[in-house]
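What follows is a short report on a single structure.
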Amino acid sequence: NASRQETKLMEECDQLIEIIQQRRQIIGTKIKEGKVVRLRKLAQQIANCKQCIERSTSLISQAEQSLKENDHARFLQTAKNITERVSMATASSQVLIPEINLNDTFDTFALDFTREKKLLECLDYLT
């Protein structure tokens with residue numbers, strides 16, 4: 001009878017361990033997926049910022065070149081074009097507000113096992 005009870009205890013504990021391992025895998029997968037999504041969004045934001053920097057650098061170079069122009073009529077033509085491009089660039093730069101909070105602590109994955117630990121510590125199958 002005792003060895004049957006020991007066997008049953010081992011089987012029950014193994015089932016509990018298996019359940020915990022399955023839950024750990026599910027939660028781990030969700031955390032990894034959240035990380036991948038955030039990294040993709042961050043990479044897209046970085047790419048957008050790089051494009052904005054490239055356009056701004058190009059615009060600054062054109063502005064510097066137009067300032068060197070000696071022909072007043074040609075200067076006015078290029079200055080008008082550059083002014084319009086600066087206005088457009090300024091308006092589009094408002095889009096660069098970060099979508100992701102870099103200090104995000106994965107609060108959606110707040111893990112609290114206090115209750116489960118207490119339940120496991122209080123396990124008593126003896127009746």
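The values are calculated or read from the model by the stated rules, or taken from the named source; none is laboratory data. Keep in mind that this is a model prediction, so the values were computed, not measured. Backbone-built Cβ (ideal geometry, glycine too); neighbour counts: all protein chains shown. Protein only, heavy atoms only, side chains kept; ligands, DNA and RNA dropped before computing areas. Shrake-Rupley method; radii C 1.70, N 1.55, O 1.52, S 1.80 Å.
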- Message: If you build the convex hull over the alpha carbons only and average its shadow over all orientations, what do you get for the stretch 14-58? Give it in nm² to one decimal.
- Response: 2.7
- Query: Tell me, what HN-Hα J-couplings in whole Hz come from the Karplus equation 6.51 cos²θ - 1.76 cosθ + 1.60 at θ = phi - 60° for each residue of the stretch 86-91, using x for Gly and Pro?
  - Reply: 5, 4, 5, 5, 5, 5
- Message: Can you tell me the length gained on complete extension of the stretch Ser66 to Glu11, counting 0.36 nm per residue apart and subtracting the Cα distance?
- Response: 11.6 nm
- Taking the stretch 1-101, how many lysine pairs are there with alpha carbons less than 21 Å apart, if each pair must be eight or more places apart or span two chains? 4
- Query: Kirkwood hydrodynamic radius of the stretch 1-122 from all distinct Cα pairs, in Å?
  - Reply: 20.7
- Query: Given R₀ = 35 Å, FRET efficiency for Thr90-Val37 by Cβ-Cβ distance, to 0.05?
  - Reply: 0.70
- Just the accessible area per residue of the stretch 48-94, please: how many Å² with a 1.4 Å probe? 81
- Excluding ligands, DNA and RNA, the carbon-plus-sulfur percentage of the accessible area of the stretch 1-122 with a 1.4 Å probe reads 57
